[in-house]
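Structure record follows, encoded as structure tokens.
The values are calculated or read from the model by the stated rules, or taken from the named source; none is laboratory data. Bear in mind that the values here come from a model prediction, so they are computed numbers and not experimental data. Neighbour counts are summed over all protein chains in view; Cβ atoms, including those assigned to glycine, are modelled from backbone coordinates with ideal geometry. Note: areas computed on protein heavy atoms with side chains; ligands, DNA, RNA excluded. Shrake-Rupley method; radii C 1.70, N 1.55, O 1.52, S 1.80 Å.
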Amino acid sequence: MTDRSRCLLLLPDGDLAITDRPLAEPAPGTVRVRVAGVGICGSDVHWTRELGLGGWVLPTPMVLGHEIAGTVVGIGPGVGAGSDVGAGSGVGAGSDVGAGAGFGGGLLGAEVAVDPRAPCRTCDRCTEGRTNLCGTATFLGAAGVDGGLCEFLDVPVSQAHPLPAAVDAVTGALVEPLTVALAAVRRGGDLAGRRVLVIGAGVVGILVARLALRAGAAVTVVDTDAGHRARAAGLLPCPVQAGPLPEVAVPEAAVPEAAVPDVELPDVAFECAGGGGAARTAIRAVRPGGVVVLVGVQGNVSIPLGAVVSHELDVRGVHRYPDLFPQALDLLASGDVVIDDLVSRVVPLSAAPGALRRPTGLRTVVMPCR
């Protein structure tokens with residue numbers, strides 16, 4: 001087993017440096033993953049540019065990356081066939097899982113997606129099933145916990161979920177954003193027969209649209225960026241447009257007066273773009289009595305509360321996701337949802353600084369093991 005790992009470090013001055021770190025033996029209850037894919041999320045770009053996001057300040061130096069997949073190459077003491085692994089989680093007893101035929105068929109060589117969350121599982125929020133709201137949870141690639149932009153990563157075996165055969169260890173990095181989209185759609189409620197608006201045609205927005213279509217909704221996606229719209233139009237069987245959106249008139253001076261009361265307004269709007277503008281658009285576009293789900297916005301933003309109150313809108317936040325990796329993997333195993341077409345390019349670790357500084361396409365995946 002190797003005793004060194006190359007990593008991409010974000011330094012206190014905002015610089016990025018590839019460094020070589022020593023590796024200890026895997027700790028009890030952990031597996032060592034040779035990292036094959038790390039998706040570059042918009043939050044990683046913000047961390048790099050601003051050393052913070054939404055009021056959070058990032059401790060540095062640290063390793064970014066929370067969309068992680070790879071191959072198990074080492075096992076810590078106490079990990080065996082009877083361990084509480086991610087395998088249950090996601091892939092049913094008869095499923096055709098990836099290398100190693102799931103953890104039951106052998107841990108070593110199994111291709112896995114890594115859940116970056118580590119909730120305590122004992123607090124009130126955890127015991128009621130809302131592990132994403134655990135007050136002491138840690139998260140890989142954030143808040144001082146090193147993430148996946150490294151050749152090797154040791155994680156608790158419970159956070160390693162075997163991939164379906166149809167998903168390789170590079171594309172498997174996108175299981176994490178699929179799980180974000182699942183959490184968002186759950187917060188939207190029953191979407192069958194509903195009119196759904198998705199604001200933002202990035203990876204999460206496209207996945208929310210796919211899941212909403214699968215749930216029986218009539219979906220429209222909007223984005224202000226022509227390039228984003230063009231890509232999404234080639235990936236989705238639903239309207240993708242620039243707007244402008246019809247807005248419901250509300251008693252608030254900041255809201256445009258040009259309302260279109262006779263159109264079919266969305267029942268549910270998903271904000272997947274980040275920023276206050278997208279949140280305000282969602283609130284002004286949805287029908288009276290509708291639902292607004294805030295997925296991408298971070299930090300404090302100004303929203304038209306007059307519209308929320310006078311139209312009795314139900315505004316719901318999404319903070320990462322509870323234990324939804326199993327459902328995401330089941331969807332991929334069944335073929336109901338695909339993620340491989342969302343990978344724009346794959347680059348080695350040496351090209352990761354450029355990918356973080358100048359993001360292009362839908363999702364760049366870094367291969368630290370290359």
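The table below lists the values:
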quantity: Residues (of a type outside the set (Asp, Glu), exposed (fewer than 12 other Cβ atoms within 10 Å of the Cβ) and part of a strand (DSSP E or B)) located in segment 1-36; calculated: Arg4, Ala17, Pro22
quantity: Single unsatisfied condition, Arg130 versus (1) closer than 21 Å to Thr30 by Cα; (2) at pLDDT 95 or above; calculated: (1)
quantity: Any hit, segment 312-325, residues being modelled with pLDDT of 95 or more, over 22 Å from Val208 (Cα atoms), open to solvent by 30 Å² or more (accessible area, probe 1.4 Å) and not aromatic (Phe, Trp, Tyr); calculated: yes
quantity: Residue in segment 244-253 that is at pLDDT 95 or above and either closer than 30 Å to Arg214 by Cα or hydrophobic (A, V, I, L, M, F, W, C) (or both) present; calculated: no
quantity: The listed residue being in contact with a Lys or Arg (Cβ under 6 Å, 6 or more places away or on another chain), open to solvent by 20 Å² or more (accessible area, probe 1.4 Å) and either among the acidic types (Asp, Glu) or at pLDDT 95 or above (or both), out of Ala218, Ala233; calculated: Ala218
quantity: Meets criteria (modelled with pLDDT of 95 or more, at negative phi and among the small types (Gly, Ala, Ser)) for Ala118; calculated: yes
quantity: All positions within segment 37-56 that are in contact (Cβ under 8 Å) with a residue 12 or more places away in the chain and assigned to a strand (DSSP E or B); calculated: Gly37, Val38, Gly39, Leu53, Trp56
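Residue by residue, here is whether (1) more than 23 Å from Thr2 (Cβ to Cβ); (2) among the hydroxyl-bearing types (Ser, Thr, Tyr) holds:
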site	(1), (2)
Pro119	yes, no
Thr138	yes, yes
Asp154	no, no
Val167	yes, no
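A quick yes/no check of all residues on (1) buried (at least 24 other Cβ atoms within 10 Å of the Cβ); (2) more than 26 Å from Gly65 (Cβ to Cβ); (3) among the charged types (D, E, K, R):
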| residue | (1), (2), (3) |
| --- | --- |
| Asp190 | no, yes, yes |
| Leu197 | yes, yes, no |
| Gly200 | yes, no, no |
| Gly205 | yes, no, no |
